[in-house]
Amino acid sequence: MPDWIIILIKSAILLLVVVTTFAYSMLAERKVLGWMQLRPGPNRVGPWGLMQPAADAAKLILKEDLTPRTADPLIYRLAPFISLLTAFSVYAIIPFGASSAGTWAIGNVNAGILFLLAITSIGVYGITLGGWASGSKYPLLGSVRATAQMISYELGMSLSFIGVLILAGTTSLDGIVNAQAKWWFVVPQFIGFIVYIITAVAETNRVPFDLVEAETELVAGFHTEYSGLRFGLFFIAEYVNMLTVSCIASLLFLGGWNAPFGLDNLHVPGVIWFIIKVGFFMFFYMWLRATLPRFRYDRLMAFGWKFLLPLATLNLVVTAIIVAYMGH
């Protein structure tokens, strides 16, 4: 069978898995929020509410798709697809496990971290163009906030990666996981791990950093003028990005598919350990949403520039000095 057909089949299967995971992550969040806030959550559509994602999808598809008279029609329609495409593109190189036959990934890129940073940085264009093309002041303000916020926190996130790269000696994602076979990088890079977690929440515009979608200030932010399926595409992209940063955290800091605490003798498939770690981060996202209030925007920016960026830089310098000293 030609290689391109195999890659196409792998991509279709992975796309189905990611979309299904997104749908039930959304349901899980609503259930968890309901549990934390002492209410039942969705429980009407299907047994235990398990068909709620399908009902939500049908509702968005059937809703009227409106385009403002003042909008730029081409960019307005294109922006949601930019966000969605960049969100899904990252999964082309994310490894989910390993076996004797090789790594469970569509593609194994040597400069995997650089590819991740390059693709995820394009995602801001979907939000920015969507807000600008709507021809309304509230979406425009939301898109400007998104640009400033994502650029600010991407710097701290990138620096938190570099300490891991210095320890692993490679930019390949499976190489980084293999370098954690004995001990996970969350131990020597605990500060970098904390910086990454905070910046990841800000990058995905989630509570308490969801100033891009601050309904008390901007109605609904950059997607105010979107409705129906186009709004749903932005929503899917946000959730898929949450899954992405959870996967990256697991790969870079928690050993990827390596078993924790020397539990290799349980013979649990590596992909199961990977799913458990990703699920832990997704639950953390939900916990934050149920717990913390939203930041004020000036404090959000000050926190990124005046605290996280210097802390990530200090962590990088100290890591480089220690590695260089131990190398001698």
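Some notes on this structure:
- The listed residue being outside the structural domain of LEU173 (by TED's automatic domain parsing), β-branched (Val, Ile, Thr) and in contact (Cβ under 8 Å) with a residue 60 or more places away in the chain, out of ILE7, ILE13: ILE7
- Where GLY156 falls short, out of the listed (1) farther than 18 Å from ASN315 by Cα; (2) under 17 Å from the mean Cα position of the chain (by Cα): (1)
- Residue match in segment 278-291 (condition: among the β-branched types (Val, Ile, Thr), touching a residue at least 40 places away in the same chain (Cβ under 8 Å), in a helix (DSSP H, G or I) and buried (at least 17 other Cβ atoms within 10 Å of the Cβ)): no
- Condition check for ALA181: assigned to a loop (DSSP other than H, G, I, E, B) and modelled with pLDDT under 90: yes
- Count of residues meeting criterion [modelled with pLDDT of 85 or more and either not β-branched (Val, Ile, Thr) or not assigned by TED's automatic domain parsing to the domain that holds ASN178 (or both)] in segment 89-109: 5
- Applying a threshold of 8 Å to beta carbon distances and a minimum spacing of six or more residues, or different chains, the list of pairs starting in segment 42-57 at a residue that is among the basic types (Lys, Arg) and ending at one that is in a loop (DSSP other than H, G, I, E, B) is empty.
- Only a single item in (1) over 20 Å from MET286 (Cβ atoms); (2) within 27 Å of the chain's Cα centre (by Cα) is not met by ALA71, and it is number (2).
- Restricting the first member to segment 234-263 and to residues that are assigned by TED's automatic domain parsing to the domain that holds SER121 and part of a helix (DSSP H, G or I), and the second to residues that are among the acidic types (Asp, Glu) and at pLDDT below 90, the beta-carbon pairs closer than 8 Å and six or more apart or on different chains are ASN241/GLU203; VAL245/GLU203.
The values are calculated or read from the model by the stated rules, or taken from the named source; none is laboratory data. Quick caveat, the model's predicted, so the values are computed rather than measured. Please note: Cβ atoms are built from the backbone with ideal geometry, for glycine as well, and neighbour counts cover all protein chains shown.
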